[in-house]
1. I'd like to check something: does segment 72-85 contain any residue that is of a type outside the set (Ser, Thr, Tyr), surrounded by fewer than 16 Cβ atoms within 10 Å (Cβ to Cβ) and modelled with pLDDT of 85 or more?
2. For segment 118-127, check the following and say yes or no: at least one residue is buried (at least 21 other Cβ atoms within 10 Å of the Cβ) and part of a helix (DSSP H, G or I).
3. Can you name the residue in segment 238-258 that is more than 18 Å from the chain's Cα centre (by Cα) and among the aromatic types (Phe, Trp, Tyr) and is also surrounded by the most Cβ atoms within 10 Å (Cβ to Cβ) among such residues?
4. Give the residue, chosen from 140, 169, that is among the aliphatic types (A, V, I, L, M) and modelled with pLDDT of 85 or more.
5. In this structure, is residue 90 crowded, with 19+ Cβ neighbours inside 10 Å, of a type in the set (Gly, Ala, Ser) and in contact (Cβ under 8 Å) with a residue 24 or more places away in the chain?
6. If you take the residues in segment 311-334 that are among the charged types (D, E, K, R) and in a helix (DSSP H, G or I), which one is modelled with the highest pLDDT?
7. It is to be established whether one or more residues within segment 298-305 are of a type in the set (Gly, Ala, Ser), more than 16 Å from residue 113 (Cα to Cα) and modelled with pLDDT of 75 or more.
8. On the basis of being modelled with pLDDT of 85 or more and either among the aliphatic types (A, V, I, L, M) or open to solvent by 30 Å² or more (accessible area, probe 1.4 Å) (or both), does residue 53 make the cut?
Amino acid sequence: REKQTEDNNSTECSEPGAMDLKFTSSRKYISISVPSKSQAMSPHIKSVDDVVVLGMNLSKFSKPTQFFICVSGVFMFYLIYGYLQELIFSVEGFKPFGWYLTLVQFGFYSIFGLIELQLIQDKRRRIPGKTYMIIAFLTVGTMGLSNTSLGYLNYPTQVIFKCCKLIPVMIGGVFIQGKRYNIVDVSAALCMSLGLIWFTLADSTVAPNFNLTGVVLISLALCADAVIGNVQEKAMKLHNGSNSEMVLYSYSIGFVYILFGLTCTSGLSPAVTFCSKHPVQTYGYAFLFSLTGYFGISFVLALIKIFGALLAVTVTTGRKAMTIVLSFLFFAKPFTLQYVWSGLLVVLGIFLNVYSKNMDKFKLPSLLGLWKKSVEERKSRTLSQTV
């Protein structure tokens, strides 16, 4: 009887996918079989070790080659993105139609996300619709207010503001979650704040069309941008959603939001009339503007996945600095050295913020340590001379 039971036990264990609990008068046994990794994971997570960007599998290349491809993609697509964005607003008469540009951009992003979703095996929606409604609202606030602010601000000023996401994040953390920050974080926020104030004052001094409304709009966009990242990350981790799903549903719902808002405020008809008179400068540039932005974020996500957020922040910060330089080179605008010093102050704040988040990975030498090291080197030098 015992032999027959053992034979049955081995038979049960050899069957995959089975989990049985059986009781007999002589003994109790449990048969458990764990499915293989390929069986357990859904199709869009199956290649979690592969990093595919624009149909190119970066995992086949060496680390230096991966870094070169990602950095080249970030700089190329985002520099074109920034150039086209400023070029659209340089069209005479287009500045009041920032929300319509966001509507067109959301439409293109929805199409790109739908195409990408059709290319993957798992097409199911995993994140709840209520979550997407919140994410879409925040996305509309981030991109809509940011685009609209260009009707009132110089493009370099807008970019400087977008570099300072830490400020609303820290303020929200203090008042909403009761967080406490170390001296490095406070110093980073202080540098960014002073840099922003200095840059804005310089803009108001040299720019004849400066308007405080633009500062309010980009500040609100910054607050929405500070919240949306946390909401997206939490939703994707909790429900295991893919990037293409996130893009498709958040931007398509946001498209409906903006379309409803423009219809209610009678802002749709004038924008359509104006753009129909300048189709190449509006719809043509908007298509390239949206396409390069969509490709650029793909390379940023790949950079984060392969090399981590620290290196990704460094690369994107360098890209923003290059965008500001090209903006002054390609588009005529007043310039003052105050832009340079205030920009460097913001960059210092970004460095302090990155250092604060990665203090365990790299440590700067202390003054006491440097002094002790110099004393030891002096002693060893004296001893060698004596010998």
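1. Here is the first cut: in segment 72-85, the ones of a type outside the set (Ser, Thr, Tyr) are 73-77, 79-80, 82, 84-85.
Right, trim to surrounded by fewer than 16 Cβ atoms within 10 Å (Cβ to Cβ) and you get 76.
Okay, now just the ones that are also modelled with pLDDT of 85 or more, so 76.
Yes: one or more hits.
2. No - not one qualifying residue is present in segment 118-127.
3. Here the residue is 255.
4. Working: 169 fails: modelled with pLDDT of 85 or more.
None of the other options fit; the residue is 140.
5. Working: crowded, with 19+ Cβ neighbours inside 10 Å: no; of a type in the set (Gly, Ala, Ser): yes; in contact (Cβ under 8 Å) with a residue 24 or more places away in the chain: yes.
For residue 90, the condition - crowded, with 19+ Cβ neighbours inside 10 Å, of a type in the set (Gly, Ala, Ser) and in contact (Cβ under 8 Å) with a residue 24 or more places away in the chain - is not met.
6. Here is the first cut: in segment 311-334, the ones among the charged types (D, E, K, R) are 319-320, 333.
After this cut, where a residue has to be in a helix (DSSP H, G or I) as well, the list is 319-320.
On the way: 319: 79, 320: 75.
Among those that are among the charged types (D, E, K, R) and in a helix (DSSP H, G or I), it is 319.
7. Looking for residues that are of a type in the set (Gly, Ala, Ser), more than 16 Å from residue 113 (Cα to Cα) and modelled with pLDDT of 75 or more, one finds at least one in segment 298-305, hence yes.
8. Numbers: modelled with pLDDT of 85 or more: no; either among the aliphatic types (A, V, I, L, M) or open to solvent by 30 Å² or more (accessible area, probe 1.4 Å) (or both): yes.
In short, no.
The values are calculated or read from the model by the stated rules, or taken from the named source; none is laboratory data. Note that the coordinates shown come from a computational prediction; the quantities given were computed from them, not determined experimentally. Glycine gets a Cβ as well: all are built from the backbone with ideal geometry, and neighbour counts include every protein chain shown. These area figures cover heavy atoms from the full protein model, side chains too; ligands, DNA and RNA do not enter into them. Shrake-Rupley method; radii C 1.70, N 1.55, O 1.52, S 1.80 Å.
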